[in-house]
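Undergrad: Here it is: the structure, laid out below.
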């Protein structure tokens, strides 16, 4: 899917964006009553992806020598079951591993459908966030019995799972502080997770100082660092957290659009422009009176550039 370069964070803010985390204890909602449609699609050479419908994020399916590796598992038990059922149509090999690219609720509640005892791989930052959610009975908490069992540490790590070489990248805080991209160098494919989503036309940042549901340690400037790292890979296909597959050119356009936003904010701050003036000059977002700005890339970038607290 080709993107329209979102020059100044346009009106797509008006889209409903599901909150990523509840800070106060809240009951865990029941699973969706009916399984959504899940259709696994090929990328290349035993690498597949499953587009997420509704509130489900995208998932990956990698067929190894003896089994299947799932990358993210949708937003509910019903959706997770549908993903497993479609994978079983693809191959008779059993699921051997589950990898989580982060703590996005759109990608983890399907863990309830995963058979017990499977290795669940995640970055240590994701495991910390999921443990917090379980302790708080947060709305996107995973099942207690499906917590990660194998942790990735640091910014970069390489492993071979069932004959498939994978690089795990946790380059900076971005959408949140939990994201980890999965790079398959032999296939030039990256599962970018929620570092990148197709809509809205700018990255959603659940920032440290956003407050409420948006307090997840994300960073606008960190997003730029992470995205530059993804572009530096020898890859040609990027599976997003949500949306169609992107090429390197698609991702570069998104990065250039956000770098332009950061440059404009820096220039206006240096010129002594007020926050309201900067917000107004960035486009239609200024007309969303009464709406929440906490997840917007431009707002978080402004806070980080100026050291502002909200």
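Undergrad: Take the conditions over 23 Å from residue 236 (Cβ atoms) and at pLDDT below 95 and apply them to residue 162. Does it pass? Break it down into steps so the answer makes sense when it comes.
TA: Values: over 23 Å from residue 236 (Cβ atoms): yes; at pLDDT below 95: no.
The answer is no for residue 162.
Undergrad: Go through (1) surrounded by fewer than 23 Cβ atoms within 10 Å (Cβ to Cβ); (2) modelled with pLDDT under 95 and name the single condition residue 154 misses.
TA: (2)
Undergrad: Listed residues 207, 172, 232, 181; which is closer than 20 Å to residue 153 by Cβ and more than 12 Å from the chain's Cα centre (by Cα)?
TA: Values: 207 fails: closer than 20 Å to residue 153 by Cβ; 232 fails: closer than 20 Å to residue 153 by Cβ; 181 fails: more than 12 Å from the chain's Cα centre (by Cα).
172 is the lone residue from the list that is closer than 20 Å to residue 153 by Cβ and more than 12 Å from the chain's Cα centre (by Cα).
Undergrad: In addition: When you scan segment 61-99, how many residues do you find that are in a loop (DSSP other than H, G, I, E, B) and without any contact (Cβ under 8 Å) to a residue 60 or more places away in the chain?
TA: 8
Undergrad: If residue 32 satisfies every condition in (1) closer than 28 Å to residue 250 by Cβ; (2) assigned to a loop (DSSP other than H, G, I, E, B); (3) touching a helix residue (DSSP H, G or I) at 6+ places or on another chain (Cβ under 8 Å); (4) modelled with pLDDT under 85 but one, which is the exception?
TA: With (1) closer than 28 Å to residue 250 by Cβ; (2) assigned to a loop (DSSP other than H, G, I, E, B); (3) touching a helix residue (DSSP H, G or I) at 6+ places or on another chain (Cβ under 8 Å); (4) modelled with pLDDT under 85 applied to residue 32, the lone miss is (1).
Undergrad: Ok, one more. Give segment 35-60 a look and list any residue that's at pLDDT 95 or above, in contact with a helix residue (DSSP H, G or I) (Cβ under 7 Å, 6 or more places away or on another chain) and assigned to a loop (DSSP other than H, G, I, E, B), or say none.
TA: 40
Undergrad: Let me ask you something else. Conditions: (1) surrounded by 24 or more Cβ atoms within 10 Å (Cβ to Cβ); (2) in a helix (DSSP H, G or I); (3) modelled with pLDDT under 95. Residue 213 meets all but one. Number of the miss?
TA: If we test residue 213 against (1) surrounded by 24 or more Cβ atoms within 10 Å (Cβ to Cβ); (2) in a helix (DSSP H, G or I); (3) modelled with pLDDT under 95, just (1) comes out false.
Undergrad: Consider segment 120-144. How many of its residues are within 15 Å of residue 100 (Cβ to Cβ) and either crowded, with 18+ Cβ neighbours inside 10 Å or in contact with a helix residue (DSSP H, G or I) (Cβ under 9 Å, 6 or more places away or on another chain) (or both)?
TA: 15
Undergrad: Looking only at segment 232-273, which residues are without any contact (Cβ under 8 Å) to a residue 60 or more places away in the chain, surrounded by fewer than 15 Cβ atoms within 10 Å (Cβ to Cβ) and assigned to a helix (DSSP H, G or I)?
TA: Passing the criteria: 249, 259, 263, 266, 267, 270.
Undergrad: If residue 129 passes every condition in (1) closer than 23 Å to residue 226 by Cβ; (2) free of Cβ contacts under 8 Å to residues at least 40 places away in the same chain but one, which one does it miss?
TA: If we test residue 129 against (1) closer than 23 Å to residue 226 by Cβ; (2) free of Cβ contacts under 8 Å to residues at least 40 places away in the same chain, just (2) comes out false.
Undergrad: Another question about this same structure. Restricted to segment 133-146, and to residues that are part of a helix (DSSP H, G or I) and under 16 Å from residue 111 (Cβ atoms), which residue is nearest to the chain's Cα centre (by Cα)?
TA: Looking at the filtered set, the residue picked out is 133.
Undergrad: State all residues of segment 276-292 that are at pLDDT 65 or above and either surrounded by 15 or more Cβ atoms within 10 Å (Cβ to Cβ) or closer than 16 Å to residue 201 by Cα (or both); if no residue qualifies, say none.
TA: Once the filter is applied, which keeps residues that are at pLDDT 65 or above and either surrounded by 15 or more Cβ atoms within 10 Å (Cβ to Cβ) or closer than 16 Å to residue 201 by Cα (or both), segment 276-292 yields 278, 279, 282, 283.
Undergrad: If you don't mind, there's one more thing I want to ask. Being more than 15 Å from residue 220 (Cα to Cα) and surrounded by 15 or more Cβ atoms within 10 Å (Cβ to Cβ) is the requirement here; does residue 202 meet it?
TA: no
Undergrad: Out of the strands (runs of 3 or more DSSP E) lying entirely within segment 147-207, which hold 1 or more residues that are closer than 18 Å to residue 52 by Cα and in contact with a helix residue (DSSP H, G or I) (Cβ under 9 Å, 6 or more places away or on another chain)?
TA: 181-184, 189-197
The values are calculated or read from the model by the stated rules, or taken from the named source; none is laboratory data. What you are looking at is a predicted structure, and each value in this text was computed from that prediction instead of being measured. All Cβ positions, even for glycine, are placed from backbone atoms using ideal geometry, and neighbour counts span all protein chains on display.
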